[in-house]
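Structure, as structure tokens:
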Amino acid sequence: MAGRILDWLKREGGEPAPAEAEAFARLAAARDAAEAANEAKTRFLASVAHEIRSPLNAIYGYAQLIERGQGKDQLAAARVIRRSAEHLAHLVEGLLDIAQVEGGAMTLSREAIRFPEFLDQLVAMLDLQAQAKGLALVLERPERLPEFVHADPKRLRQVLINLMTNAIKFTDAGAVTLKVEYRNELATFTVIDTGIGIAAEDAARIFAPFERVGGPAAERPGVGLGLAITQALVHIMGGEIRLDSVPGEGSRFTVRLMLSQPLTPPSEPAPEAGAVTGYIGRERWVLLIDDDAAQLAVVRGLLEPLGFQVRTASDGETALALAAQFQPDLVLCDVALGADNGWQIAAHLRRRHGAALRIVMLSGEAPLAEGPGADHDSFIMKPFAFGTLLDCVADQLGVEWVRAAGEPRAAAPGAPAMPALPVVIAPVAAAHCAEIERLVRIGHVRAIEAEIDAIAALAPEAAPLAERMRAALDSFDLKALAGLAKALQADAA
Ligand code: ADP
């Protein structure tokens, strides 16, 4: 453009003065940049409109059919509407993130995070998702990692979760590995999958907003914003991201970031309020409904010592009979109960006992809508931290906790990174460990995996232990696995 203006000036019969030529060139360059930005914006808005229109059309169409009573299969229609609404919700979240990054409004926090724990929690968070697809989720990290590094935990987590959920989504068999290396303050995170892979011609494109690979891959849910956001976040963190992939064999996304180590270990956070030991007020009655005996034992083990009267039921019929008999103040009801449906049980209980009975639903899957519904007062995702459950119980029953005097958290120097298990799950985990020891002797790997999964599902506090066991199993270090199982039983005894 600048060249064209200069040519025109020459044709018009005069060499521009050097200062004038410079000004022209500058203005022309600015105009070119503005035009390019405008074009990009128009393309972006067209993509957004397209992305919004298809799910919106589905919602609009199905809603009209149902309204006219023409929807043949209303459940199927509701499913399409829900999926379309979820798609729109993702889109809005992604757009807000992009807008924040592009507008330079995203500020990063700089916190000293406990690096090994951060990684363990991340993997524990995605483990169920991987399990649901029959994939192994592996954390590969050196024995020695700094205990603390400086990072923005929210944004670093977002980057790794985006890459790992993509890896799980685009892999149908095999494993997803998060490999972490750390040298001279340079952290390298590699997310490796054994999935469908990405063709070389798509490799650059997929980092742009709304770009997805066509063909069968496009049938998997997504809006095509994840990698654009991931790349933008990595860049504002001063890092780099690269992709290596072999179609049909898998992909490997590598993120390199400088994560400095604090010069002095940060001071421990103020000691948490002392452990809950009971509550003030009359005795409250709680009914637990779950078809998993281990979950019942864990929650009962948590609540009974605090002074609650607890009854348990593993199916709907028993639950309704027990509720009629002993009139509980609170029901904690699992959603997926084998043949029974937790929501239906909640509806029955609500009809019979009214709003005075508090009903909390527990599930491994997020509910369709956030917040309380007609038949329940609260919802907790499994696995949950005990603190979360206790906060919810206190809220629902309006009770005030009695706490032991706050104890400082002992962090013995050189202590292993694996935290002790809460007292109530230790015996249940110990039972699984005894079984693991037995299975190790007969080398029944699948059954060992199932036992480790059961330990992981007990509570988030058990995730690091389960992760260690899984790592030992993955490397066929059955001796180490048996050692861990034995040590835990000794601890619990
Ligand atoms: P989304 O996952 O919502 O489609 P992303 O921006 O995260 O959006 O990814 C863009 C596209 O890149 C995906 O649709 C997919 O085609 C491709 N892709 C991303 N990660 C992987 C992966 N691990 N394996 C194969 N393809 C991938």
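The values are calculated or read from the model by the stated rules, or taken from the named source; none is laboratory data. As the structure is a prediction and not an experimental result, all values here were calculated from the model. Here Cβ is always computed from backbone atoms with ideal geometry, including for glycine, and neighbour counts include all displayed protein chains.
Observations on the structure shown:
- Just one of the listed residues (124, 130) is away from the ligand (no atom under 16 Å from the Cβ) and either over 22 Å from residue 256 (Cβ atoms) or among the hydrophobic types (A, V, I, L, M, F, W, C) (or both), namely 124.
- Exactly one residue out of 223, 213, 234 is assigned by TED's automatic domain parsing to the domain that holds residue 92, modelled with pLDDT of 90 or more and on the phi < 0 side of the Ramachandran plot: that is 234.
- Taking the criterion of being assigned to a helix (DSSP H, G or I) and hydroxyl-bearing (Ser, Thr, Tyr), the only residue of the stretch 284-340 that qualifies is 318.
- Against the test of being over 21 Å from residue 246 (Cα atoms) and at pLDDT 95 or above, the options 181, 143, 185 yield a single qualifying residue, 181.
- Here residue 435 passes the criteria (1) in contact (Cβ under 8 Å) with a residue 12 or more places away in the chain; (2) of a type outside the set (Ser, Thr, Tyr); (3) at positive phi except the one numbered (3).
Residues are listed down the side, and each one gets a yes or a no for (1) within 22 Å of residue 295 (Cβ to Cβ); (2) without any contact (Cβ under 8 Å) to a residue 24 or more places away in the chain; (3) not assigned by TED's automatic domain parsing to the domain that holds residue 295; (4) not in a helix (DSSP H, G or I):
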{"residue": "448", "(1), (2), (3), (4)": "yes, no, yes, no"}
{"residue": "451", "(1), (2), (3), (4)": "yes, yes, yes, no"}
{"residue": "456", "(1), (2), (3), (4)": "yes, no, yes, no"}
{"residue": "480", "(1), (2), (3), (4)": "no, yes, yes, no"}
{"residue": "487", "(1), (2), (3), (4)": "no, yes, yes, no"}
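- Given (1) modelled with pLDDT of 85 or more; (2) among the charged types (D, E, K, R); (3) under 23 Å from residue 143 (Cβ atoms), index of the condition residue 477 fails: (1)
- Of the numbered criteria (1) buried (at least 20 other Cβ atoms within 10 Å of the Cβ); (2) within 9 Å of the ligand (Cβ to nearest atom), the one residue 210 fails is (1).
One line per residue, one yes/no per condition, for (1) buried (at least 19 other Cβ atoms within 10 Å of the Cβ); (2) outside the structural domain of residue 241 (by TED's automatic domain parsing); (3) in a helix (DSSP H, G or I); (4) within 16 Å of the ligand (Cβ to nearest atom):
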residue	(1), (2), (3), (4)
146	no, no, no, no
159	yes, no, yes, yes
164	yes, no, yes, yes
167	yes, no, yes, yes
171	yes, no, no, yes
177	yes, no, no, yes
182	no, no, no, no
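- Within the stretch 241-250, one or more residues are buried (at least 16 other Cβ atoms within 10 Å of the Cβ), in a strand (DSSP E or B) and on the phi > 0 side of the Ramachandran plot.
- Tally, over the stretch 184-196, of residues that are assigned to a loop (DSSP other than H, G, I, E, B) and near the ligand (Cβ under 6 Å from one of its atoms): 2
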